[in-house]
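Take a look at the structure below.
The values are calculated or read from the model by the stated rules, or taken from the named source; none is laboratory data. Small disclaimer: the values here were computed from a predicted structure and weren't measured. Cβ coordinates were reconstructed from backbone atoms using ideal geometry, including for glycine residues, and neighbour counts include every protein chain displayed.
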Amino acid sequence: MTTWTSDEINRIATADELEVAPLGGDGTRLRPVPIWVVRHDDDLYVRSYKGDDGRWYRAAKASGQGSIQAGGVDRDVTFVAEDDPGLNEQIDAAYRSKYHRYGQNYVETIVSPGVRATTLKLLPR
């Protein structure tokens, strides 16, 4: 299994946004969408701000593959659904800590139950 290098994970985790481009149903890469990304331990996580309505999220969930760019890192990834309640609480805390400067409305949306249900772990390929 491929893992993030410490340089990659640090550069991605400290980037304000990540551009995600999942594969569509026909196998072509969708147009990149800027989203928030957080780190917990040595893993990276993303969520769909629009919940299940996020086009990029639906494509990522369906294909399980795509690419990301952040902090000068450009990698193909596998998307893995994450639904562990204890881990999601820690991911919530990471979102609150990293993005608090954007205001409570944005942060409370990204940690709300409907959005929390879209948590995806990013695994490098």
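If the requirement is being part of a strand (DSSP E or B), surrounded by fewer than 17 Cβ atoms within 10 Å (Cβ to Cβ) and without any contact (Cβ under 8 Å) to a residue 12 or more places away in the chain, which of these qualifies: 74, 26?
Values: 26 fails: part of a strand (DSSP E or B).
Residue meeting the stated conditions: 74.
Take the range 1-28 and flag every residue that is among the small types (Gly, Ala, Ser) and over 18 Å from the mean Cα position of the chain (by Cα). 25, 27 - these are the residues of the range 1-28 that are among the small types (Gly, Ala, Ser) and over 18 Å from the mean Cα position of the chain (by Cα).
Looking at the range 90-104 only, could you name the residues that are surrounded by fewer than 16 Cβ atoms within 10 Å (Cβ to Cβ) and within 15 Å of the chain's Cα centre (by Cα)?
The first filter runs over the range 90-104 and keeps only residues surrounded by fewer than 16 Cβ atoms within 10 Å (Cβ to Cβ), leaving 90, 93, 96-97, 100-104.
Answer for the range 90-104, where residues must be surrounded by fewer than 16 Cβ atoms within 10 Å (Cβ to Cβ) and within 15 Å of the chain's Cα centre (by Cα): 90, 93, 96.
Every condition in (1) of a type outside the set (A, V, I, L, M); (2) in a loop (DSSP other than H, G, I, E, B); (3) modelled with pLDDT of 95 or more; (4) in contact with a helix residue (DSSP H, G or I) (Cβ under 8 Å, 6 or more places away or on another chain) holds for residue 31 except the one numbered (4).
For first residues located in the range 93-117 and at negative phi, partners that are of a type in the set (S, T, N, Q) and lie 6+ apart or on another chain with Cβ distances below 7 Å form the pairs 115/48; 115/109; 116/88. Whether any residue in the range 45-57 is part of a strand (DSSP E or B) and of a type in the set (A, V, I, L, M) is what I want to check. For the range 45-57, residues part of a strand (DSSP E or B) and of a type in the set (A, V, I, L, M): present.
Out of the range 95-125, which residues are in a helix (DSSP H, G or I) and over 16 Å from residue 48 (Cβ atoms)? Walk me through it before giving the result.
Keep residues of the range 95-125 that are in a helix (DSSP H, G or I), which gives 95-102, 104-110, 113-116.
Matches in the range 95-125: 96, 97, 98, 100, 101, 102, 104, 105.
Name the one entry in 37, 80 that is modelled with pLDDT of 95 or more and either in contact with a Cys (Cβ under 7 Å, 6 or more places away or on another chain) or surrounded by 18 or more Cβ atoms within 10 Å (Cβ to Cβ) (or both).
Details: 80 fails: either in contact with a Cys (Cβ under 7 Å, 6 or more places away or on another chain) or surrounded by 18 or more Cβ atoms within 10 Å (Cβ to Cβ) (or both).
Only one candidate qualifies: 37.
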